[in-house]
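In what follows, a structure is listed as structure tokens, so that the remarks can point back to it.
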Amino acid sequence: MLHKDIPIGTGATGTRTETDAIGAIDVPAEHYWGAQTQRSLVHFDIGDDLMPRPLHHAYGLVKKAAALVNGEAGRLDPDLAAAVAQAADEVASGALDAEFPLHVWQSGSGTQSNMNVNEVIANRASQLLGGGLGADRLVHPNDHVNLGQSTNDTFPTAMHVATLRAVRGHTIPQVEALADTIGRKAREWAEVVKIGRTHLQDATPLTVGQEWSGWEVQLRDALARLDESLEAVGALAVGGTAVGTGINAPDGFGDAVALKLTELTGLALVSAPNKFAALGSLDGMVAASAGLRGVAVALMKAANDMRWLASGPRAGFHELRLPENEPGSSIMPGKVNPTQQEATVMVCLQVIGEDAIVANAGSQGTFQLNTMRPVVIANVLHSARLLGDAAAHLRVHSVEGTELDRDRIASHVDRSLMLVTALSPHIGYDRAAAIAHKADHEGTTLREAATALGVEAADFDRIVDPAAMVGDPRRDLGL
């Protein structure tokens, strides 16, 4: 009989004996994990990188879905299925996070992490049924929790669910919010004329709004490509079991679990039509990682442009006034730096580097299994979290409070030599170039150089109008 109100915790101290196919091993009595988890802590104590918690939460959903499907089909006793489902729910909620101590650097299939989940759920479910832990438990990690499953199909299934939840639930909304804020600023400054720059040199004018609209559209285009990449992640390996044939899983099991997961998560999930591809490759994860990299590339462009345009305040461009969040130097009083932009650029570099790892790992599939899965999910979830966080902080702590130094912007326009481009159709390229060189070499204004070389002052004033050189910014920004 299921006792739903038994609180989490073993209430024990010291150690207890757990067994697996290798034999017996002592585990800490205060924890729910079992023999295979304990062996992994010994054999894979590599570095400080733990398997990401969002993966365990997704794994809890996978195990809950499988238990419900098995229970509804009569393959598990109803009370046992309910106990497994409740324990899996506790895993999914994060209530049992302390029970997942394993490192990323383990079996490339993720076997130790799958068994960590199975063991924790089995012991907790046994407790919910009034049974003991370890040798006294009423629920078996393999026979009950892992029924109809293999690490080889459930680990990639949990990877995909975790990735979709992270990217759709965090990365995309935060980057969209940043794009919205950039777009609002672009429309606010639609008609503020400024000098353009190509090759880090002065170019013809545009407006601040037009410049900012480029960042907005880059981000939105990258998000669209990321969203498209997630379609492949919605195809799950569950039902393929060991090598893709579905051995030891009943017909329709994968479809039923995918449907149940869709109900539990609200995500669009299906059982992959070809399980051999689903187990043997990491192509969906590679695509999602590339989508995240694309967002990083667009975000880096915007952040770098902002910090260049804010450079100064006296010896740089200083067209943007960024919020002053904190002192910028331990030795130079009054210095303020574009720290949010710097942090964002570092995040983007990290994401680009992590994508290279994922792409290389994706190339390492051999025969019926790709055994580079833990490093892939660790990097993809890390990238998704970093991008979402960086976009949120850049928006809240910098973009929303950014203002224009309108005097500096106007000065740059007034002093620009590239306004001579407007004269070129009227007096010819070579003569216009001579005017620009004369003004530059003699330190005069463009108008002074032009009139000295025979252009009528009235013609110069009529033709060289920066506001007339920017096209139709209101049209460009949909105003």
**Prompt:** So is S424 farther than 30 Å from T163 by Cβ and surrounded by fewer than 19 Cβ atoms within 10 Å (Cβ to Cβ) or not?
**Reply:** yes
**Request:** Within segment 428-474, track down each residue that is among the charged types (D, E, K, R), closer than 22 Å to I409 by Cα and either under 44 Å from the mean Cα position of the chain (by Cα) or assigned to a loop (DSSP other than H, G, I, E, B) (or both).
**Result:** D465, D472, R474
**Asked** Where in segment 57-175 are the helices (runs of 4 or more DSSP H), entirely inside, with at least 1 residues that are within 22 Å of the chain's Cα centre (by Cα) and within 24 Å of A278 (Cβ to Cβ)?
**Response** 78-93, 151-166
**Fill in**
Scanning segment 2-56 residue by residue, those part of a loop (DSSP other than H, G, I, E, B) and more than 18 Å from N123 (Cβ to Cβ) turn out to be I22, G23, F44, D45, I46, G47, D48, D49, M51, P52
**Fill in**
Only one of (1) in contact (Cβ under 8 Å) with a residue 40 or more places away in the chain; (2) assigned to a helix (DSSP H, G or I); (3) of a type outside the set (F, W, Y) does not apply to D407, and that is (1)
**Item:** Which listed residue, of V420, V358, V351, is in contact with a helix residue (DSSP H, G or I) (Cβ under 7 Å, 6 or more places away or on another chain) and within 30 Å of V464 (Cα to Cα)
**Value:** V420
**Message:** Tell me the residue from V69, V84, V27 that is touching a His at 6+ places or on another chain (Cβ under 7 Å) and surrounded by 13 or more Cβ atoms within 10 Å (Cβ to Cβ), please.
**Reply:** V84
**Prompt:** Does segment 411-431 hold any residues that are of a type outside the set (D, E, K, R) and in contact (Cβ under 8 Å) with a residue 24 or more places away in the chain, and which are they?
**Reply:** H412, V413, S416, L417, M418, L419, V420, T421, A422, L423, H426, I427
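Condition test on H393, is it part of a helix (DSSP H, G or I) and in the same structural domain as E191 (by TED's automatic domain parsing)?
Answer is yes for this residue.
The values are calculated or read from the model by the stated rules, or taken from the named source; none is laboratory data. Keep in mind it's a predicted model, so treat the numbers as computed, not measured. All Cβ positions, glycine included, derive from the backbone under ideal geometry; neighbour counts span all protein chains shown.
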